[in-house]
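Read the structure below first, then the notes.
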Amino acid sequence: MNAKERILGKLRASLAGTTPVADDYDIGLVTDPWRYAADERIARLRRMLEAVHGETRVTTAAEWPQRVLEALAARGIDELLVSPATAHGRSLAEHVREQGGALRLKGYERPVEAWKDELFFHTPASLTGTLGGIAATGSLVLWPSPQEPRLMSLVPPLHIALLNASEVRDNLFELMHAQRWTDGLPTNALLVSGPSKTADIQQTLAYGAHGPKELLVLVIEDA
Amino acid sequence: MSMLADTPAQPIAFTRNAREALADAQLRRNFRGAMDSLMDKRRNQFPDGDELERLRAFGNRVRARALSKLPDVLERLEANLVRNGVQVHWAETVEEANAIVHDIAERHAAKKLIKGKSMVSEEMEMNHYLGARGVDCLESDMGEFIVQLREEKPSHIIMPAIHLNAGQVAKLFHDKLDVEYTEDVDRLIQIGRETLRRNFFEADIGVSGVNFAIAETGTLLLVENEGNGRMSTTVPPVHIAVTGIEKVVENLRDVIPLLSLLTRSATGQPITTYVNMISGPRKADELDGPQEVHLVLLDNGRSQAFADGELRQTLNCIRCGACMNHCPVYTRIGGHAYGTVYPGPIGKIVTPHMLGLETTRDLPTASSMCGACGEVCPVKIPIPSLLRRLREEAVRAPAAEPHHMRGQGAKHSKKETLVWKAWRALNTSPGLYRVAMYAGTRLRGLMPADIGPWTRYRSAPKPAARSLHELAREHLGEQ
């Protein structure tokens with residue numbers, strides 16, 4: 001018998017003669033306290049994010065590329081990691097071409113091993129899409145992909161996220177259900193609810209521990 | 001603090017360590033401030049008492065359901081993880097778990113390992129085991145990084161450096177990292193960030209714990225605020241997750257109430273900055289993520305707790321730390337005095353199963369039974385009842401059947417057993433009782449001033465000249 005068999009054997013022997021506890025999952029308890037009127041939903045999400053030093057802007061499908069340019073210019077950032085293979089990546093590239101200006105765009109197009117140093121030490125900002133948001137907790141949903149890999153939303157000190165207002169749900173249960181997460185999860189699924197932080201020193205909050213120091217969420221209202 | 005300078009504190013020396021900690025004014029100040037702050041934060045997250053109680057009951061049911069089917073749930077977890085490309089390993093003891101991790105390290109000729117945060121790896125003393133075999137383990141959680149620099153153990157399961165103030169961290173960084181002395185917390189965190197950055201991508205292996213393992217989808221769920229957990233489980237080519245066999249839930253939706261209870265109870269947050277759900281290694285078309293993901297499932301005494309219906313509730317724990325935040329004992333002595341990986345109330349009920357009652361015999365007595373822990377536990381573990389149960393197990397005759405625990409009878413004393421037998425006889429025999437009352441009141445002058453531990457902090461009790469029964473009989477006689 002190996003360790004697995006021994007452990008399971010012990011557990012089974014302990015449960016002999018018992019009946020399993022029924023699944024009386026109380027959907028109302030995890031949804032009712034966390035419901036918002038349509039006109040409150042985005043406001044709630046923004047409040048939650050801003051309470052933890054997230055920055056949010058409401059914008060439109062036409063305007064958001066310019067908001068990105070402004071945010072980068074305001075911080076003196078001249079390089080952005082963004083996927084040229086996504087619709088929003090292409091929109092931004094087109095806008096940058098039209099505007100002129102010195103902003104350089106680069107894609108995450110090789111395995112991380114090939115360019116770790118540049119990613120970690122010479123990439124000041126990134127732009128990714130999201131799969132939606134959760135109003136109750138002020139959370140963004142990210143499912144990293146071959147076009148927008150995991151480290152894109154983690155390593156650069158500024159992460160700009162595009163969120164479609166229509167894809168914001170009230171609470172996690174509703175979101176998981178609406179997006180059918182049980183059909184299959186990706187390699188990595190994430191909820192991001194603000195910039196990186198820690199209170200490990202004297203319970204004093206400090207931002208930018210290991211993940212992004214700044215998170216800017218552009219809420220696109222007509223998408 | 002003498003207990004830290006030499007060898008790490010051991011639970012068997014608890015009484016002595018507690019006394020030393022009580023005399024440490026700085027420690028007491030640090031913990032008082034920290035615990036008050038954590039209790040406040042938690043209270044602010046639960047403004048609706050009704051929602052809180054219903055959610056606690058729900059959390060309890062979700063955990064009880066998983067435990068009631070644990071072997072089946074674990075097998076389903078393994079099957080789905082394996083289907084997703086994760087390698088699953090089982091370990092009955094910490095030695096086995098360490099050997100598994102070391103074996104993986106050897107296969108990859110690993111020299112450097114970076115850790116997200118894992119209390120189970122502390123249970124394994126993994127850093128020490130691997131360090132002795134040529135694999136350097138570096139902590140990346142800020143609190144763990146700080147205690148590692150101090151060559152200490154964590155003093156709290158959520159906030160490892162809670163026993164230190166900013167000045168102490170400033171001095172530590174100045175001494176060990178050769179940076180300017182600054183007590184500015186923002187600057188200290190930036191120093192930590194810069195120091196640790198390169199370690200993420202020089203590491204051969206990343207190790208993490210697991211907050212919830214989800215059987216339905218074959219997923220490992222991790223929560224964190226800093227981002228080091230995501231770093232450690234994404235950048236190195238190999239990710240090893242270690243966890244206890246009880247940290248599993250049946251269905252994906254089961255994590256929803258538990259997540260809410262965990263973050264609100266632990267740090268008073270509606271949610272942590274990151275909730276990270278890992279369901280496999282890097283796929284062929286993906287550009288980052290580990291090539292290999294492993295899960296190590298550790299027993300280490302959990303099956304002993306599981307075997308007893310009452311003690312099984314110990315395994316509901318979701319490791320939030322609320323119990324220790326509210327414990328008047330923990331607040332006054334801090335985490336190190338327990339000498340255990342898990343301190344405070346949860347530590348007192350879980351460690352006896354991991355290490356045996358022989359060495360942990362005094363831990364269940366480190367309680368005034370105020371009940372605060374049981375009231376705040378998000379999954380309704382009846383901690384005070386379990387403490388009482390463990391006290392009973394510790395004084396049962398070592399040979400008494402049935403045997404529930406290693407170390408049964410560790411505090412058994414024939415003398416004490418006799419004293420309680422005599423006490424029972426005295427209190428159940430009216431004749432004996434009246435004789436004893438007469439003797440106690442008439443001979444009250446013979447009460448000694450020193451009755452051992454009782455009179456170390458109190459004056460000796462002096463019986464009244466006449467018992468209440470006597471006075472009542474007289475009074476009723478007059479009527």
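Structure above, values below:
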{"read-out": "Sequence of B:VAL235, A:VAL21 once ranked by neighbouring C-beta atoms within 10 Å, starting from the fewest", "value": "A:VAL21, B:VAL235"}
{"read-out": "Per-selection Rg to Rh, the range B:330-479 - Cα, Kirkwood hydrodynamic radius", "value": "1.09"}
{"read-out": "Largest-first principal axis extents, alpha carbons of chain B, Å", "value": "97, 54, 47"}
{"read-out": "For chain B, cysteines whose Cβ has no other cysteine Cβ within reach (under 4.7 Å)", "value": "B:CYS137, B:CYS317, B:CYS320, B:CYS327, B:CYS370, B:CYS377"}
{"read-out": "Where Rh is the Kirkwood radius over Cα pairs, Rg/Rh for the range A:121-223", "value": "0.99"}
{"read-out": "Largest-first principal axis extents, alpha carbons of the range A:78-164, Å", "value": "38, 33, 21"}
{"read-out": "Beta bridges by DSSP in the protein assembly as shown, antiparallel share as percent, to the nearest 5", "value": "30 percent"}
{"read-out": "Degrees, to the nearest 10: B:344-355 long Cα axis against longest axis of chain B", "value": "80 degrees"}
{"read-out": "Per-residue average of Cβ from other chains inside 10 Å of B:63-69", "value": "4"}
{"read-out": "Calculated Rg and Dmax of the protein assembly as shown using C-alpha coordinates, Å", "value": "28.3, 109"}
{"read-out": "Order of B:TYR338, B:TYR438, A:TYR207, B:TYR129 - criterion: other Cβ atoms within 10 Å of each residue's Cβ, fewest first", "value": "B:TYR438, B:TYR129, A:TYR207, B:TYR338"}
{"read-out": "Gyration tensor over alpha-carbon atoms, the range B:46-303, equivalent ellipsoid semi-axes in Å", "value": "29, 24, 17"}
{"read-out": "Antiparallel %, DSSP beta bridges [both residues in chain A], to 5", "value": "25 percent"}
{"read-out": "Cα-based Kirkwood hydrodynamic radius, the range B:243-364, one decimal, Å", "value": "16.9 Å"}
{"read-out": "Taking all pairs of distinct alpha-carbon atoms in chain A, Kirkwood radius in angstrom", "value": "19.7 Å"}
{"read-out": "Zero-based 10 Å bins, Cα pair distances in the range B:49-105, whole percents", "value": "19, 28, 30, 17, 6"}
{"read-out": "For the range A:67-138 and the range B:298-370, distance of Cα centres in Å", "value": "48 Å"}
{"read-out": "Cα-only radius of gyration and Dmax that characterise the range A:171-216, units Å", "value": "15.0, 43"}
{"read-out": "Cα-based equivalent ellipsoid of the range A:46-109: semi-axis lengths in Å, sorted from largest, via gyration tensor", "value": "22, 13, 13"}
{"read-out": "The range B:414-478: projected area of the alpha-carbon convex hull, averaged over directions, in nm²", "value": "5.7 nm²"}
{"read-out": "Helical mean residue ellipticity (222 nm; -39500 (n - 2.57) per DSSP H run of 4+; nearest 500) of the protein assembly as shown", "value": "-13000 deg cm²/dmol"}
{"read-out": "Rounded tilt (10° steps) of B:468-478 against the dominant C-alpha axis of chain B", "value": "40 degrees"}
{"read-out": "Chain B: angle of helix B:383-395 to the longest principal axis, Cα-based, in degrees nearest 10", "value": "70 degrees"}
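Values quoted throughout were computed directly from the atomic coordinates according to the rules given, and no laboratory measurement underlies them. What you are looking at is a predicted structure, and each value in this text was computed from that prediction instead of being measured. So basically every Cβ, Gly included, is an ideal-geometry build from the backbone, and we count neighbours across all protein chains shown.
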